[in-house]
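Structure first, then comments.
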Amino acid sequence: MNARPILCVGALIADLMMQLPELPRSAGKHLPKGARLVVAGMATSAATAVARLGHPVSLWASIGDDAVGDILAGALAAEGIGSDLVRRVPGAMSAMSAIFIDDRGEKIVVPWYAPELLGAPDRLPDFGSFGAVLVDVRWPKAAAIALDGARAVSIPAVLDLDVGAREVLADLAPRASHIVASLDGARVLLGECQLEEAVAKLRSLTGAMVVVTDGERGASWHVPGGPIRHQAAFAVAAVDTNAAGDIFHGAFMAALAEEMDLAQAVRFSSAAAAIKCTRFGGRDGAPTRGEVDAFLEQRRLAAH
């Protein structure tokens, strides 16, 4: 897989991030202490992580033909993310969100995707030219095609199962060979459940290789034929948790490309997400490969 790029499919959005001492609890004017415009989206942030970890990556997404679309396209080029599959939809407004982040790194996210961006794709990738596919749940029509296309050419078809419409999650989950879910996303599909229970239920429902993450409570996963295992989250001083899950997914794809075993992949991905949480700016906080390797080596030495 190393020689072939990873394909990420889904969200490409402009995030206006506002940094506040605490999240708003009432209507009114709330003055931020900092702000940043960040090009982001679940698939885009994951693609950024893949690129910074040293692997070729392309994005399949939709943007409008407006000035915001120009900013989005320029950011992909600057990051080295392949954008040949990014389509510009005439007359559509590019996706945007407002994000409020407090001093603990907790957030409120209010996204908007114009319906025109979410229509059926007008051209398809050559899935055989990629080493693996990762889809989020924000462009369901393309996600379903991508998961099916990946399975057809026998490459990993990975679903980032996060909060979304239940019918979308129910349609996409059985198509995936690998599911890396947030616990909140798993609960949309499964109902109320805890971390290990979510792993077992998703595995039983889909037959996929399953990892479920729960922020500072870590991640659990299931090795076929073995027990459910757990990776504790790395303790860090978090300043911004936005995009941490997306960075986890991108690092997981890089780990797949390097044929790490599942325990290594989850630990590596957890480290990348932890580093990101120490940096304000969503996707902008994605670490490089050298930073992740140094972080893991420091933790290894500290444990001994």
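Here, each number is a calculation from the coordinates, and none is a lab measurement. Please read all numbers here as calculations on a predicted model, not as lab measurements. Using ideal geometry, Cβ is built from the backbone for each residue, glycine included, and neighbour counts are taken over all protein chains shown.
Can you sort Lys276, Lys29, Lys141, Lys107 so the residue with the fewest Cβ neighbours within 10 Å comes first? Write out the running numbers ahead of the final one.
Values: Lys276 31, Lys29 5, Lys141 12, Lys107 17.
Fewest to most other Cβ atoms nearby, the residues stand as Lys29, Lys141, Lys107, Lys276.
Could you identify which residue out of Ile228, Ile247, Ile13 has the top mean-square fluctuation in a GNM of the chain using Cα springs shorter than 10 Å?
The residue with the greatest mean-square fluctuation here is Ile228.
Nearest 5 is fine: what % of DSSP beta bridges in the chain come out antiparallel, could you say? List each step's numbers first, then the result.
Working: 20 of 50 bridges.
Beta bridges within the chain, antiparallel portion: roughly 40 percent.
In region 177-301, what percentage of the DSSP-assigned beta bridges are antiparallel, given to the nearest 5? Write down the numbers at each step before the final one.
Working: 7 of 12 bridges.
Given both bridge residues lie in region 177-301, the antiparallel proportion sits at roughly 60 percent.
Taking neighbour counts of Cβ atoms within 10 Å as a proxy for exposure, in what order, fewest first, do Val39, Val50, Val168 appear?
Details: Val39 23, Val50 31, Val168 18.
Arranged by neighbour count, lowest to highest, Val39, Val50, Val168 become Val168, Val39, Val50.
Please label the shape of region 91-144 as rounded, prolate or oblate, based on the square roots a ≥ b ≥ c of the eigenvalues of the alpha-carbon gyration tensor (a/c under 1.5 means rounded; beyond that, a/b larger than b/c means prolate, else oblate). Show your work: numbers first, answer last.
Working: a/c = 3.57, a/b = 1.62, b/c = 2.20.
The shape class here is oblate.
For Rg and Dmax of the Cα atoms in Å, the choices are (i) 18.7, 55; (ii) 22.6, 72; (iii) 18.2, 59; which was calculated from the structure?
Only one listed value fits the structure, namely (iii).
Residue by residue through region 28-37, what is 3J(HN,Hα) from phi via Karplus (6.51 cos²θ - 1.76 cosθ + 1.60, θ = phi - 60°)? Round to whole Hz and write x for glycine and proline.
Ordered by residue, 3J(HN,Hα) equals x, 9, 10, 8, x, 9, x, 8, 7, 9 Hz.
Are any of the pairs Lys107/Lys141; Lys201/Lys276; Lys33/Lys276; Lys107/Lys276 more than 25 Å apart by Cα-Cα distance, and if so, which? Mind dumping the intermediate values first?
Details: Lys107/Lys141 28 Å; Lys201/Lys276 29 Å; Lys33/Lys276 20 Å; Lys107/Lys276 15 Å.
The pairs that break the limit, which is 25 Å between Cα atoms, are Lys107/Lys141; Lys201/Lys276.
Considering the zone a paramagnetic label at Asp122 would reach in this model (a point 7 Å from Cα along the Cα-to-Cβ line), which residues of region 72-95 have amide N under 18 Å from it?
73, 83-95
Anything in the chain that counts as a DSSP H helix reaching 30 Å or more along its axis (C-alpha) with Kyte-Doolittle mean of at least 0.5? List them, would you? Each step should come with its number before you reach the end.
Working: long enough: none.
For the chain, where a helix must reach 30 Å along its axis and average at least 0.5, there are no hits.
Using 0.36 nm times the number of residues separating Ala303 and Ser129, minus their current alpha carbon distance, what extension gain do you get?
Roughly 58.5 nm would be gained on extension.
Compute a Gaussian network model of the chain, connecting alpha carbons closer than 10 Å, and tell me which residue from Ala61, Ala254, Ala75 fluctuates the most.
Ala75
Rank Gly64, Gly28, Gly250 by mean-square fluctuation in a GNM of the chain with C-alpha springs under 10 angstrom and give only the top-ranked residue.
Gly28
Could you list which residues have their amide H under 5 Å from that of Asp240, counting only those 5 or more apart in sequence or on another chain, with H placed in the peptide plane?
Arg279
What is the sum of charges, Lys and Arg at +1 and Asp and Glu at -1, for the other residues whose Cβ falls under 11 Å from the Cβ of Ala243?
Combined, the nearby Lys, Arg, Asp and Glu give 0.
Looking at Val223, Cys193, Gly105, which one has the Cα that reaches farthest to the positive end of the dipole of region 91-226 (charges on Cβ: Lys, Arg +1; Asp, Glu -1)?
Farthest along the dipole direction, towards plus: Val223.
With n ≥ 4 as the cut-off for DSSP H runs, can you work out [θ] at 222 nm for the chain, using -39500 (n - 2.57) per run divided by the number of residues, rounded to the nearest 500? Can you show the working numbers first?
Numbers: 9 runs with 109 residues, N = 304.
Taking each H run of at least 4 residues, the total per residue is -11000 deg cm²/dmol.
Calculate how many DSSP beta bridges within region 1-125 are antiparallel, expressed in % of all such bridges and rounded to the nearest 5.
On the way: 13 of 27 bridges.
If we restrict to bridges inside region 1-125, about 50 percent are antiparallel.
Could you compute the net charge surrounding Gly69? Neighbours are other residues with a C-beta less than 14 Å from the C-beta of Gly69; K and R count +1, D and E count -1.
Numbers: positive: Arg87, Arg88; negative: Asp65, Asp66, Asp70, Glu116.
Its environment carries a net charge of -2.
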